[in-house]
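Chemist: Let me give you the structure first, and then I'll get to my questions.
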There are 2 protein chains.
Amino acid sequence: MIKYPNGNKISNNSKSDPRNKDVVSYGDRGMNLENRINLSNDYYREKDIAIIYKKPTPIQVLHIHNTPSGSNKIDDAYFLTPSTTDYNGIYKGRYIDFEAKETRNKTSFPLQNLHAHQIEHLMRITKHGGIGFLIISFVTLNKTFLLDAKIVYEHFVGEKKSIPFTVVEEKGYLIKEGYVLPLDYLKSVDIAYFNE
Amino acid sequence: MIKYPNGNKISNNSKSDPRNKDVVSYGDRGMNLENRINLSNDYYREKDIAIIYKKPTPIQVLHIHNTPSGSNKIDDAYFLTPSTTDYNGIYKGRYIDFEAKETRNKTSFPLQNLHAHQIEHLMRITKHGGIGFLIISFVTLNKTFLLDAKIVYEHFVGEKKSIPFTVVEEKGYLIKEGYVLPLDYLKSVDIAYFNE
């Protein structure tokens, strides 16, 4: 069977990484996890609470086309595997680093959603005195949790294929959702790491 | 006069941002600043001294072409203006954030090399308890300095067009260069921020 090449048009607003296997389509139902975190980070920055950004998706540029208008159009490039996590920054003087993932699974978070070096990166951050965690959104359950990197690492080195939802619920911190501040994950950080 | 479009082939090894106006070509003479910092960061990570990475260059992807082999080839995209700085991470439990620039200028560092929001970002980092600075390489003088964000900010708000070399030399910290560790900028961080 021959697969003919076809094209995918990327929406200007979608910053989602199209390589995600466990992609969740929202349509009119709401925003995806990435957009909710980005809006929350905007809120935190505006209120001068924290300076946290999403890192750009790593792309290897192979060819640039110089248009007559003088702008540079990239016409040959490909996605690279990220070396680290998607988000980092500073909160209450501490270095913050996390990855955010959605799943449609109702009973567990499949670890195949993460690269091994992302988990190792988060552990290194923890070792160096930073705060490293995962934000896991169980889409069908409408619940989003903060889970410390150590819990993720324990399951990963224990060669578990997934982290049961019950473990996420017990060891993680449910993130408060809202309208202006879609995901108040720093409130969970306060409870988990600042004993507040 | 009509400018005809032409193409630029990007080397696989070059991760430099082609938008830099003050581009320095090294050829066989040595490595550019970005490569030297990346190698230094690799060294710091390998020795477990610090976890610092360069952020990917932000690119807006407009179109992806699905090749018959199943890989995703980006065939329409453009460079975005970075919101923040190029490098961040953690060192001795502290959040580190910096931008790195080269200049061929011998008497001053032109501030047009920086975006206003990059300078503001570094000041915000400082305010939140992080360490924010600039690495400035005077290519023709063969000297590279660490300069605290506050000094940069003072010149920027003072509507100066540049920071004189004499100021960089007096207020900044000369970075030790080497072979295995091309730019030992964390030694300068120790002196500037840890009083070591």
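Chemist: Working only within the stretch A:64-114, note down all residues that are among the aliphatic types (A, V, I, L, M), more than 7 Å from every other protein chain (Cβ to nearest Cβ) and assigned to a strand (DSSP E or B).
Modeler: Pass one, the stretch A:64-114, residues among the aliphatic types (A, V, I, L, M): A:64, A:74, A:77, A:80, A:90, A:96, A:100, A:111, A:114.
Subsequent filtering for residues that are more than 7 Å from every other protein chain (Cβ to nearest Cβ) retains A:80, A:96, A:100, A:111, A:114.
Of everything in the stretch A:64-114, those that are among the aliphatic types (A, V, I, L, M), more than 7 Å from every other protein chain (Cβ to nearest Cβ) and assigned to a strand (DSSP E or B) turn out to be A:96, A:100.
Chemist: Only residues that are among the β-branched types (Val, Ile, Thr) and closer than 19 Å to residue A:58 by Cβ: list them for the stretch B:76-103, please.
Modeler: B:81, B:84, B:85 - these are the residues of the stretch B:76-103 that are among the β-branched types (Val, Ile, Thr) and closer than 19 Å to residue A:58 by Cβ.
Chemist: Now for a different question. Would you pick out the residues in the stretch A:156-176 that are of a type in the set (A, V, I, L, M, F, W, C) and open to solvent by less than 50 Å² (accessible area, probe 1.4 Å)?
Modeler: A:163, A:165, A:167, A:168, A:175
Chemist: Got a number for residues in the stretch B:131-148 being closer than 19 Å to residue B:54 by Cα and open to solvent by less than 10 Å² (accessible area, probe 1.4 Å)?
Modeler: Selection size over the stretch B:131-148: 11.
Chemist: Cβ-Cβ distance below 8 Å, separation of 6 or more or different chains: which pairs start in the stretch B:34-53 with a residue that is in a strand (DSSP E or B) and end on one that is among the small types (Gly, Ala, Ser)?
Modeler: B:50/B:89; B:51/A:130; B:51/B:89; B:52/B:89; B:53/A:83; B:53/B:89
Chemist: Could you list, in sequence order, the residues of the stretch B:50-63 that are open to solvent by 10 Å² or more (accessible area, probe 1.4 Å) and more than 7 Å from chain A (Cβ to nearest Cβ)?
Modeler: Result: B:54, B:60.
Chemist: While we're on this one: Being closer than 19 Å to residue A:53 by Cα and touching a strand residue (DSSP E or B) at 6+ places or on another chain (Cβ under 7 Å): is that true of residue B:90 here? Quick ask: steps written out before the conclusion?
Modeler: Values: closer than 19 Å to residue A:53 by Cα: yes; touching a strand residue (DSSP E or B) at 6+ places or on another chain (Cβ under 7 Å): yes.
Taking the combined requirement at face value, the residue satisfies it.
Chemist: Further question on the same structure: Six or more apart or on different chains, Cβ atoms under 6 Å: show the pairs whose first residue is in the stretch B:172-196 and acidic (Asp, Glu) and whose second is open to solvent by 80 Å² or more (accessible area, probe 1.4 Å) and not in a helix (DSSP H, G or I).
Modeler: Partner pairs satisfying both residue conditions: B:184/B:176; B:190/B:196.
Chemist: Read through the list (1) within 12 Å of chain B (Cβ to nearest Cβ); (2) within 20 Å of residue A:90 (Cα to Cα); (3) out of contact with any helix residue (DSSP H, G or I) (no Cβ under 7 Å at 6 or more places or on another chain); (4) open to solvent by less than 60 Å² (accessible area, probe 1.4 Å), then give the number of the only condition that residue A:46 fails.
Modeler: (4)
The rows are residues; the columns are (1) in contact (Cβ under 8 Å) with a residue 24 or more places away in the chain; (2) open to solvent by 40 Å² or more (accessible area, probe 1.4 Å); (3) outside any strand (DSSP E or B); (4) of a type in the set (Val, Ile, Thr).
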{"residue": "A:117", "(1), (2), (3), (4)": "yes, yes, yes, no"}
{"residue": "A:122", "(1), (2), (3), (4)": "yes, no, yes, no"}
{"residue": "A:150", "(1), (2), (3), (4)": "yes, yes, yes, no"}
{"residue": "A:154", "(1), (2), (3), (4)": "no, yes, yes, no"}
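The values are calculated or read from the model by the stated rules, or taken from the named source; none is laboratory data. In this text, all values refer to a predicted model and were calculated from it rather than measured experimentally. Please note: Cβ atoms are built from the backbone with ideal geometry, for glycine as well, and neighbour counts cover all protein chains shown. Surface accessibility is based on the protein's heavy atoms, side chains included, excluding ligands, DNA and RNA. Shrake-Rupley method; radii C 1.70, N 1.55, O 1.52, S 1.80 Å.
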